[in-house]
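The values are calculated or read from the model by the stated rules, or taken from the named source; none is laboratory data. From a predicted model like this one, the values you see are computed outputs, not experimental measurements. Don't worry about glycine lacking a Cβ; one is built from the backbone with ideal geometry, like all the others, and counts go over all protein chains shown. What goes into the accessible areas is simple: the full protein's heavy atoms, side chains included, and nothing from ligands, DNA or RNA. Shrake-Rupley method; radii C 1.70, N 1.55, O 1.52, S 1.80 Å.
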Amino acid sequence: MADLNGKGTAGVAAIAGVGHTDWVEDYRRVRNGEKPFDSYGYATLAFKRALDDAGLRREDIDGLIVGPTTAYERMGEVLNIDPRWGGQADAVQAVFQAVMAIKSGLAEVVALVYGNDQRSAAVQYGGPEAMGGGAFLSYVYHSPWGLTSQGALYALMFQRYKELWQASERDLGQVAVGQRQWASLNPNAIMRKPITLEDYMAADYIAQPLRLNDYCLINDGGVALIVMEASRARKTAAQPVFIEGMGRSDLNHHATSLGPRLMDFYRPAQQRTAEQVYAAAGVGPKDIDALLVYDSFSPHILFALEGFGFCGQGEAGRFIAEQGIGVGGKLPVNTSGGHLSESYMQGWNHQVEAVRQLRGGLGERQVPDCRHVQYVSDVAGKAMSIIYGR
């Protein structure tokens, strides 16, 4: 069997431009009963801003990937783009697909476009009609037994983790507190008021042992990225950020019985992904200046820290307490505030934050001498990671 380490896609492409909507204002207006845009409108505004950031025209785009909240053909129609190559994917897979398309010569400048009116449209993420009741969502398979809530799933995961490793709810609370510290310095974050560990513990349970601040936001908005062939980006982009490594490993066996989540916390897939992404980028956990983790719920952070080798099994709580993941910590995590405090853009806003940290100039929120930013995602058994660099 070939040694699959992802090196073939390292250094192939760069992020040339990023853009997003005004999440704070979008949130305010929707709470006041307004509906600024639908999903296509949010995506279109983000796309225009990403084009401006990249210094490109619409005609320069020859690839298009849209988020799963919009139809590919309709999005292309709205943007007036007839690409050479295109498709539909979530945030991390969209970056993967763009890199592979560029590597294959199928496209040179790929727009990744996402818009979501989830709050104003009152989208349900639990119950028998979760996301329209689509059978493609593995957690909907559990609806005959009543377990369709993603929050309840992660509550089960953390409860088992607690019992295995004698972890506490205060250990988990450090995640929400640390990410809110970062959000307090981010003008794009919806939730900027700092919270203490005591504030966290005083909040109501939603699905015990998870509390209010363990849950992500639900808000409208849009994000867009422009992925460009690396040599062209070096010549034409003002501040390109390069994709230095990618890795992926899935756990599908027993997935609908929740086995990979409840028994191993995705760890086998995370470890295989870590081997790939670090080999491709030529770095390791000690070289990562900032870690960005898909955080629909706060336990994601504990599992990622252990699965990607930042600390040992059962050690995440102590690692956070001793090393720090918030402002001034040795391993900055979700430096925008993440899904818990900045904006729930289903992983897309994390890619924007990676670019901005590597470009620099973020003031108090800037990670000093930031050279390598890692993004990790373990949604629904798909463990994936990207390392960005400058």
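The single condition from (1) under 22 Å from the mean Cα position of the chain (by Cα); (2) among the polar types (S, T, N, Q); (3) open to solvent by 40 Å² or more (accessible area, probe 1.4 Å) that T70 fails is (3).
Tally time: how many residues in the stretch 92-120 are touching an Asp or Glu at 6+ places or on another chain (Cβ under 7 Å), open to solvent by 10 Å² or more (accessible area, probe 1.4 Å) and more than 12 Å from V227 (Cα to Cα)?
The total comes to 3.
The criterion of being touching a His at 6+ places or on another chain (Cβ under 9 Å) and either at positive phi or surrounded by 19 or more Cβ atoms within 10 Å (Cβ to Cβ) (or both) holds for A50. Pick from the stretch 1-34 the residues that are in contact with a strand residue (DSSP E or B) (Cβ under 9 Å, 6 or more places away or on another chain) and open to solvent by 60 Å² or more (accessible area, probe 1.4 Å): which of them is modelled with the highest pLDDT? Among them, the one singled out is D22. Check the stretch 326-347 and report whether any residue there is part of a helix (DSSP H, G or I), over 13 Å from the mean Cα position of the chain (by Cα), in contact (Cβ under 8 Å) with a residue 12 or more places away in the chain and surrounded by fewer than 24 Cβ atoms within 10 Å (Cβ to Cβ). Checking the stretch 326-347: not a single residue is part of a helix (DSSP H, G or I), over 13 Å from the mean Cα position of the chain (by Cα), in contact (Cβ under 8 Å) with a residue 12 or more places away in the chain and surrounded by fewer than 24 Cβ atoms within 10 Å (Cβ to Cβ). R234 meets all of the listed conditions (1) more than 21 Å from the chain's Cα centre (by Cα); (2) free of Cβ contacts under 8 Å to residues at least 40 places away in the same chain but one, namely (2). When the stretch 148-165 is filtered for residues that are in contact (Cβ under 8 Å) with a residue 60 or more places away in the chain and open to solvent by 40 Å² or more (accessible area, probe 1.4 Å), the ones remaining, listed by number, are L156, R160, L164, W165. In the stretch 73-85, the qualifying residues are those that are touching a residue at least 12 places away in the same chain (Cβ under 8 Å) and more than 10 Å from V113 (Cβ to Cβ), and the one that is least open to solvent (accessible area, probe 1.4 Å) is P83. Given the criteria surrounded by 15 or more Cβ atoms within 10 Å (Cβ to Cβ), among the β-branched types (V, I, T) and over 20 Å from I387 (Cβ atoms), does I320 qualify? So I320 passes the test.
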